[in-house]
Every structure is written in C-alpha cells, then in structure tokens.
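To keep things clear, I will list the structure first and then write my remarks on it.
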Amino acid sequence: MPKIHIQYQDQVGAWKHYTTKHHQGDAYRTAANRAKSTGKRHRLVDEDGKLLDLVEP
C-alpha cells in the first residue's frame, strides 16, 4: 500500500507534516476538508516526495 503524506503550508511558507494515509481518495478528502476549515494550503505527496495534488482553501 502506498503511503500518502498530507502537509500544510504555515504562515511563513514552510510545509509541515499533518498526517499519513494509505488511500488517495481519503487523503484528498481529508486535505480538502481541512483546507476549507483552516484556510491554509494543503498538498498530497507520495513516499518519494513527489507532489500528487495541491488543495487550496
């Protein structure tokens, strides 16, 4: 199973780790809901650090 890391961008532009999921659909849903509630950008990256998706609030 691939690991998908959810990261958010803090106020100075650095990416911080939020959580890790094993299902891409669940990871996107979590990132989208959290981006909407916090107003911060979130991104999904795989185990190799490749960008899978970027979620804007």
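The values are calculated or read from the model by the stated rules, or taken from the named source; none is laboratory data. Predicted, not measured: the structure shown is a model, and the values here were computed from it. Virtual Cβ from ideal backbone geometry, glycine too; neighbours counted across all protein chains shown. When the accessible area is computed, the model is the full protein with side chains, heavy atoms only, and any ligands, DNA or RNA have been set aside. Shrake-Rupley method; radii C 1.70, N 1.55, O 1.52, S 1.80 Å.
Here the gap between Arg29 and Met1, fully extended at 0.36 nm per residue and compared with their Cα-Cα distance, gives a gain of 8.3 nm. Under 5 Å from the amide H of Arg41 lie the amide H atoms of Gln9, each residue being 5 or more positions distant or on a separate chain, with H modelled from the backbone and absent for Pro and chain starts. Here the scattering of segment 1-48 is modelled by Debye summation over its C-alpha atoms, one equal scatterer each and no solvent; at q = 0.17, 0.18, 0.24, 0.29 Å⁻¹ the log10 of I(q)/I(0) is -0.43, -0.48, -0.81, -1.08. Each label point was placed 7 Å from the Cα along the Cα-to-Cβ direction; for Val12 and Glu56 their separation is 2.6 nm.
Near Leu44, once Lys and Arg are set to +1 and Asp and Glu to -1 for all other residues with Cβ below 12 Å from its Cβ, the sum equals +3. Pick out, from Leu44, Asn33, Thr20, the residue whose Cα sits farthest towards the positive end of the charge dipole of segment 11-52, with +1 on the Cβ of Lys and Arg and -1 on the Cβ of Asp and Glu. Towards the positive end, the residue furthest out is Asn33. Close amide H pairs (under 5 Å, H built 1.01 Å from N) link Leu52 with Leu44, Val45, Asp46, residues at least 5 positions away or on another chain. Once the Cα atoms are used to define both axes, helix 24-38 deviates from the longest principal axis of the chain by about 10 degrees. In the context of the full set of protein chains, the chain has a per residue accessible area of 67 Å² (1.4 Å probe). Note on the chain: with neighbouring protein chains present and a 1.4 Å probe, carbon and sulfur make up 46 percent of its accessible heavy-atom surface.
Summing +1 for each Lys or Arg and -1 for each Asp or Glu, what net charge is found among the other residues whose Cβ lies under 14 Å from the Cβ of Lys16? Once positives and negatives cancel, what remains is +3.
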